[in-house]
Amino acid sequence: MKEILTGIADLVFPPRCITCDDLLERHGALPFCPSCLDGIRTIRSPLCPRCGVPFPVTEGEDHLCGDCITGQRPYAVARSVGRYEETLLTAIHRFKYRGRTGIGKILGGIMADFAGTIWDMQVFERIVPVPLHRKKLRDRGFNQAVILARELAKRFEIPLDFMSLRREVFTPPQVGLHRKERSENVRGVFAVRYPEQIAGRRILLVDDVYTTGSTLEECSRILIRAKAESVAVLTLARAVRDQDIPPESVPTLPEGSAAGDG
Ligand SMILES: [Zn+2]
Ligand SMILES: [Zn+2]
């Protein structure tokens, strides 16, 4: 029966690669054609067990990175599925700037697959997406982080909370700003509207991209200040080298949307 339904669905919507739209020969585990699949580099050990940054070497054990040894992280752990380049970058841009929310649901499913393999998801009591300012929400029409987070919430039956954490201040796009400027740019931008929803709870904070981490760190700090028991961070993609951040991640689209909120 399921095969028949899949067959009918294929006639109406033949399966296509979500990044290049090529027809897919058959249903694989992931909705990418072989060449786009080749363009995904997943993030794996050796990496920093705290912030999740992978090391350039391919062999060896996980160990804290320099930034996590010398500085503090407000979150307990951060992980990303793959690098913010090629296929994942294209998929995210199609989702976020072209309004292809169906792609977002698929990407959220990929995040759920990944999260289920690295964590016991039942430890999380709330899933909180990084909020957009209402002006940006109005322009874009949706918050990409909410769409991703909703897939995780559905899969693991964890309540989704997109109301408690708010972005109160509109900030200019982060693209082109360096690490220090980015962290100054987001200071004081977020607030917890309903602290009773956050206090004492283990939170999974979700966004599409971990860029410098300044937004995710600031959100984590605000959640911890509202007495969250702990915050873990999950993103689909991660900009690993500084070159990954600007300017090649800036989409050239007419509506003037800006990339790199994270
Ligand atoms: Zn493709
Ligand atoms: Zn680290």
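The values are calculated or read from the model by the stated rules, or taken from the named source; none is laboratory data. Here the structure is a predicted model, which means the values were calculated and not measured. Using ideal geometry, Cβ is built from the backbone for each residue, glycine included, and neighbour counts are taken over all protein chains shown. Ligands, DNA and RNA are stripped out before the accessible areas are found, and what is left, the full protein with its side chains, is counted by its heavy atoms. Shrake-Rupley method; radii C 1.70, N 1.55, O 1.52, S 1.80 Å.
Structure notes:
- Thr211 - accessible surface, heavy atoms, 1.4 Å probe, Å² rounded to 10: 10 Å²
- Relative contact order of region 41-121, defined on C-alpha pairs under 8 angstrom at six or more residues apart (%): 23 percent
- Surface composition of the chain: carbon plus sulfur atoms hold 54% of the accessible area, using a 1.4 angstrom probe and ignoring ligands, DNA and RNA.
- Taking the Cα centre of the chain as reference, the dipole from Cβ charges on Lys and Arg (+1) and Asp and Glu (-1) amounts to some 940 debye.
- Antiparallel bridge percentage (DSSP; both residues within the chain; nearest 5): 25 percent
- Cross-link reach list, lysines versus Lys227, counting only Cα pairs under 27 Å and skipping chain neighbours closer than eight places: Lys154, Lys180
- Placing unit charges on the Cβ atoms of the charged side chains and taking the dipole of the chain about its Cα centre, the candidate lying farthest along the positive direction among Leu137, Leu234, Met111 is Leu137.
- Put a plus charge on the Cβ of each Lys and Arg, a minus charge on the Cβ of each Asp and Glu, and nothing anywhere else: the dipole of region 143-201 about its Cα centre is then about 120 debye.
- Protection proxy ranking of 148-161, 37-50, by the mean of other Cβ atoms within 10 Å over each peptide's residues and highest first, is 148-161, 37-50.
- Distance from the C-alpha centroid of region 123-187 to that of region 190-238: 9 Å, rounded to the whole angstrom.
- Per residue, in Å², the accessible surface of region 61-205 once ligands and nucleic acids are set aside, probe 1.4 Å: 49 Å²
- Cross-link partners of Lys135 among lysines (Cα-Cα below 21 Å; sequence separation of 8 or more within a chain): Lys96
- Computed [θ] at 222 nm, deg cm²/dmol, the chain (DSSP H ≥ 4; -39,500 (n - 2.57); rounded to nearest 500): -10500 deg cm²/dmol
- Average Cα contact separation per residue, the chain, under 8 Å, 6 or more apart, as relative contact order %: 19 percent
- Note on Arg44 and Arg100: the model spin-label points, each 7 Å out from Cα along the C-beta direction, lie 2.6 nm apart.
- Tilt relative to the chain, helix 101-118 - C-alpha long axis, 0 to 90 degrees, to 10: 70 degrees
- Taking the longest Cα principal axis of the chain as reference, the axis of helix 144-156 is set at about 80 degrees.
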